[in-house]
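The values are calculated or read from the model by the stated rules, or taken from the named source; none is laboratory data. The model shown is predicted, which means the values in this text are computed figures rather than measured ones. Here the Cβ is made from the backbone with ideal geometry for all residues, glycine too, and neighbour counts use every protein chain on show.
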């Protein structure tokens, strides 16, 4: 019996160790993959990877500028949600059913030497096309549905010395795209959608048209979203409010009916009283 419990204990410890190792390995793989696609460093604070439910939750991501820029962070992403196809990943391909990316702030910086941080992205260097050595096998990549939320885009210009000229654009973008089959296109899409409704491209002399040309089909699939689907708690609150409103309406209707009934009774009583009082001016026959 003691040996049995020892085996169970060892299995539990190994299971927990594998769970933590799994998250660490995938976290490191994601950071390395982003470094290959963007050419920049990525830091992830927290990640949870599911095996049975095939869900990945990533929190507090930051994509950093290269050296030579006063601002350290280029992209501040509080959350990414991924629903993946485990079978395809085990076969060596990347198939993601859904990706939701919440981008709190995109910071575009022109440093004191007049260099733009966007130009350090590999997709910009390669004009939106991921360049790989011919002897390197390209991994198949597919995202069925990609939801992109962007809160604010900030432009900082240090090229004139002293304090930077800063402009902020609260774009509050929330869009859904389908059928993205290249990591480079994914990064190009984020850059294009962040800048297209601002004047940053003109202010910084950034060629946005080239990137737009590489993701034309993806942009055609764009669907604007008004917001997230309401949660069960919100729906309960709405139903409760509807019930209270209906009850209030019924109360008002009942009060209105009572007032009308009282008014009718008062009118009838007045008429009866009038009939019971003799007319002193009436002529007696």
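More than 28 Å from residue 86 (Cβ to Cβ), part of a loop (DSSP other than H, G, I, E, B) and at pLDDT 90 or above: does that describe residue 119? No, not satisfied. Does residue 56 count as touching a helix residue (DSSP H, G or I) at 6+ places or on another chain (Cβ under 9 Å), touching a residue at least 40 places away in the same chain (Cβ under 8 Å), in the same structural domain as residue 202 (by TED's automatic domain parsing) and surrounded by 15 or more Cβ atoms within 10 Å (Cβ to Cβ)? So residue 56 fails the test.
For segment 153-171, state whether one or more residues are within 30 Å of residue 89 (Cα to Cα), in the same structural domain as residue 100 (by TED's automatic domain parsing) and modelled with pLDDT of 90 or more. No, every residue in segment 153-171 fails to be within 30 Å of residue 89 (Cα to Cα), in the same structural domain as residue 100 (by TED's automatic domain parsing) and modelled with pLDDT of 90 or more.
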